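What follows is calculated from the coordinates using simple rules that are stated; it is not laboratory data. These numbers were taken from a predicted model, which means no experiment stands behind them. Neighbour counts are summed over all protein chains in view; Cβ atoms, including those assigned to glycine, are modelled from backbone coordinates with ideal geometry.
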Amino acid sequence: MHPLLKRQLKRLGLTDPKIPLSSGNWSQLLERISHTYIEADQGRELLERSLALSSKEMQQLYDNLRQTSEHRLQNIQEKNQNLIENALDGIIGINAEGIITIWNPQAAKIFGWSPYAALGKDLAETIIPPSFREAHRQGLKRFNESRQGTIINQRIELMALHHEGREFPIEVALIPIFEDTTYEFIAFVRDISESKQTELALRTSEERFRKIFSQSNDAIFLINPEQGTILDVNSKASAMLGYSKTELLQTSISQIHPTEMDLLQSFFKKVLQEGHGWTDQLTCTTKSGNCLLAEISASVMSIAGKTSLVALVRDITQRKEAEQALRQAKNAAEQAAKAKSEFLATMSHEIRTPMNGIIGMTGLLLNTELTSQQHQFAETVKKSGEALLTIINDILDFSKIESGKLDFETIDFDLRVAMEDTLDLIAEKAGSANLELVGCVDSPVPTALRGDPGRFRQVLLNLISNAIKFTKEGEVTVRIALLEETSEAATIKVRVQDTGIGIDPLAQQSIFQPFQQADNSTTRQFGGTGLGLAICKKFVERMGGTIGVESQVGQGSTFWFTAQLFKQPQAPSVLPNKDLQGLRICCIDDHPVNRQLLEEYAKTWGMSATSASTPAEALGLIQRAHERKEPFHIAIVDMEMPGMDGMALAREIKANPQLAKIRLLLLSPLGQRIDAKEAKAAGFLGYLTKPIRQTVLKHSLETIMGLKTGNLQHSDTPIVTPFSSLESEKTGRYPILVVDDHQVNQQLAVLLIERLGYRTDVAANGQEAVEACSTNPYSLVFMDCHMPVMDGYDATKKIREMESMKREAKEKDSPDPLPLTPDGTLHVPIIAMTANALSGDREKCLQAGMDDYLPKPIRPDGLTQILEKWLCSGPIKMDRGKRESYE
Ligand code: ADP
């Protein structure tokens, strides 16, 4: 029953269907039914109305809902798009056919394809390298069939292809997104080229360090300094100590250094406090109980936040043994070298003594009447003896250098005099070889210097001797220039230039080594020991300089050296003397360097100098000067010139009354004597010998101009030649003994003394001097004080002892075949020659029994004074300077 009817019936109390209806009830029922219908209609109406209402609401609701969801969807899409656009990874979508559907800007950046170019393309053809394309296609096919793939939903590394064609590594995460029956892959891509490179670098570096660690020749220990435990070791450590790596990792270092644990512990403490490393030598004990000496270098480092110690340990047992052996060998070698040097010194002394005898006696022999053949033989003996002596002296010098016994003096000397002295020593040799020898000190060079003039001369002499030895024709020029000057010192450069055989570049590198010669063949043309330049090098180095050579084969050589020398505190003024100022001089010499030198010297004195290279040119110059009314005051004429010699030129000038007034000075060839009479007859007022000494030249010019005496030198004044006194001197006196260990000093003293007309003997040390005095009588002895073997003081004492013994013997009237001194006083004057300018030195010499004192370097005037003082009846009364002044 319809519930509404049921309700109306219930209201009428007609709940029991079997109750018969009354008419009241019936009309009520009908009313009620009608009412129910009305209610039903109302209800339906209401329902319809509310239905209509709710459907409208529903529509509205639906519209709202749709709008909201569309909006949300759009938002999501925009977000997604944003995400894709701005993602830091490349995002690529591909469909089931492998066609690109998504390609974000980062993907464009990674692969070089723009989105427009990539979208719609087959992925395989775009970014997969050709060698992987087939695999990719197969994978895709498999996935299509089985919906399964090995590279899905994980990060993998692959090789990709860039638009430019290069392959590079990428990291990819591939996610499939299913939609109905189909799907799409989304790939998230990263370019990992950089991280791969870093990884590779890291791997390489790690491998390198692992190799260093494992293959190191040193044992490496990683130690925990707090506990002294070993954290890691390399295989060398195991090999060194005889433990396996595992054993070592369980070992404390106290086991390895049982005796030095206290030291190590204090070190560890320090390390932990201060964080410094440390190096030391420690004893290690091996597993078998052997001890070895190890050098340990430990450094501190923080590994994983913990302070650790890395110790590099090297077994130096063998090295120490080798060092010990080396030390012993070195000591032995030094002993041997010392013994060798001493042997050489003794040998050279032993050889030198008879050599001096040979040379001295040959000298005496040459002064006697000899046939020309005998004279020639004796000359040869003397020359050979001198050559041998040079070799011995070289060896002695060299052995002194080798054994570090080379003494260097620091005394005042004049650089120009030292150079000119050296040229003098060698002039004769140059002259007899027909070579021009010229020396020049540039005007800015300070000449009052302090140093060792003996060594300086020795170097110079050696270089000039070599130059002469290796030059057949031409010239040898010495030039001293200034390199640097301070208020206290000067650095000079000396150049010795020759026109000789030259030296090839290879030999140039070795000739400064001992015993090296440019020509080492057995058929060598030139003698020598090959020691000269090695000695020069050492001497030059001691003078704070360097030595070298520039040379071309066949063109000649220039040997040069530099030296740093102190300037004398109160150096004499080197300003030019004004006496010769303004005088006109004509320098006539065919040799350009000589002309240049003469002109330079003349100009230094304020003269007006012109030069001519031939007699004809000179005659023209002199004639024209006369016509200009500016006649030359002086002409210096070289003796040897092609075409017409100096004598003939002088005669021609003097034959012309217009020119005859000119004062003539003759330049004699090197080492040759001039016939003074002939020179005077030709019109010369004086002559000079080459090499030209600046001081002597100046003195001569002043003399012939009358500046010395106030009177002009004229043709009636006797011409005095440098050697005229010697020519007349044939002294019967005993010789003078020169005792000096420096060869050059020795030669120089001999030269100066012999120029004064005395004969000389030489001894190289005190012992040689004593021996010489015991067998020969001497007029006087010049005794160097500091010498090897026996010094001058001891030698003097010995000589004096010998003299007193002879005196005693004489008193006892015993026959003495050898008078000690010519005057029979049995007291030979001994004159100290020493560079020691210290006060008290003179007293020391006198105390030793010497008679007087001649300071070094020896100067001609000082020497003359001493000789005049001690040999009052001396052979000549004029010193060299005076003789050369033509007074
Ligand atoms: P020595 O002359 O005794 O052999 P040095 O040490 O003085 O020894 O010289 C070494 C070598 O250098 C000489 O043998 C020679 O070959 C070469 N030499 C030296 N000076 C000259 C020079 N001026 N011209 C050519 N060669 C030279």
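Computed quantities for the displayed model
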quantity: Axial C-alpha extent at least 30 Å, average Kyte-Doolittle at least -1.0 - helices from the chain (DSSP); calculated: 317-366, 372-402
quantity: Antiparallel content of DSSP bridges confined to the chain, in %, to 5; calculated: 65
quantity: Positive minus negative residues near Arg495 (Lys, Arg vs Asp, Glu; Cβ under 15 Å); calculated: -2
quantity: Listed residue pairs exceeding 32 Å between alpha carbons, taken from Lys400/Lys429; Lys383/Lys567; Lys469/Lys869; calculated: Lys383/Lys567; Lys469/Lys869
quantity: Eligible lysines near Lys245 by straight Cα distance, threshold 30 Å, same-chain separation 8 or greater; calculated: Lys211, Lys236, Lys269, Lys270, Lys287, Lys306, Lys320
quantity: Furthest towards positive pole of dipole, Gly556, Ile511, Ile128, structure part the chain, Cβ charges; calculated: Ile128
quantity: Value in Å of the Kirkwood radius, where the chain supplies the Cα pairs that are averaged; calculated: 39.5
quantity: Dipole-positive endmost among Thr286, Ser235, Met850 within the chain (Cβ charges, Cα centre); calculated: Ser235
quantity: Only Lys, Arg (+1) and Asp, Glu (-1) charged, at Cβ; the chain dipole about Cα centre in debye; calculated: 1640
quantity: The chain, helix-only ellipticity at 222 nm - DSSP H runs n ≥ 4, -39,500 (n - 2.57), divided by all residues, nearest 500; calculated: -15500 deg cm²/dmol
quantity: Over the range 173-250, relative contact order from alpha-carbon pairs under 8 Å, at least 6 apart, %; calculated: 17
quantity: Relative contact order (%) - the range 131-218, alpha-carbon pairs under 8 angstrom, separation at least six; calculated: 17
quantity: C-alpha center-to-center spacing [the range 736-785, the range 471-524] in angstrom; calculated: 31
quantity: Mean-position separation - Cα centroids, the range 265-313 and the range 1-71, in angstrom; calculated: 105
quantity: Potential lengthening between Asp41 and Thr614 on full extension [0.36 nm per residue; Cα-Cα distance subtracted]; calculated: 189.7 nm
quantity: Relative packing of 415-423, 612-620, 144-152, which averages over residues the other C-beta atoms within 10 Å, highest first; calculated: 415-423, 612-620, 144-152
quantity: Burial order of peptide ranges 249-255, 484-490, 773-779 (average beta-carbon count within 10 Å, highest first); calculated: 773-779, 249-255, 484-490
quantity: Net dipole in debye of the range 119-270 [+1 Lys, Arg Cβ; -1 Asp, Glu Cβ; about Cα centre; nearest 20]; calculated: 300
quantity: Neighbourhood charge, 13 Å Cβ-Cβ cut-off, centred on Glu801 and excluding it, Lys, Arg +1 and Asp, Glu -1; calculated: +2
quantity: Net dipole in debye of the range 1-149 [+1 Lys, Arg Cβ; -1 Asp, Glu Cβ; about Cα centre; nearest 20]; calculated: 580
quantity: All lysines inside 17 Å of Lys6 as judged from Cα atoms, apart from same-chain residues fewer than 8 positions distant; calculated: Lys18
quantity: Stokes-Einstein D in µm²/s, Kirkwood radius over Cα pairs - the range 415-495 at 20 °C with 1.002 mPa s viscosity; calculated: 162
quantity: Which of Tyr37, Val300, Ala749, positive extreme of dipole for the chain (C-beta unit charges); calculated: Tyr37
quantity: Filtered chymotrypsin sites (Phe, Trp or Tyr not before Pro), the range 146-237: DSSP coil and at most 14 other beta carbons within 10 Å; calculated: none
quantity: Peptides 461-471, 63-73 ordered by average Cβ neighbours within 10 Å, highest first; calculated: 461-471, 63-73
quantity: Proximal charge balance of Glu57 [Cβ under 13 Å; K/R count +1, D/E count -1]; calculated: +1
quantity: Difference of contour (0.36 nm per residue) and Cα-Cα distance, Met361 to Thr491; calculated: 42.4 nm
quantity: Relative contact order, percent, the chain [alpha-carbon distance under 8 Å, six or more residues apart]; calculated: 6
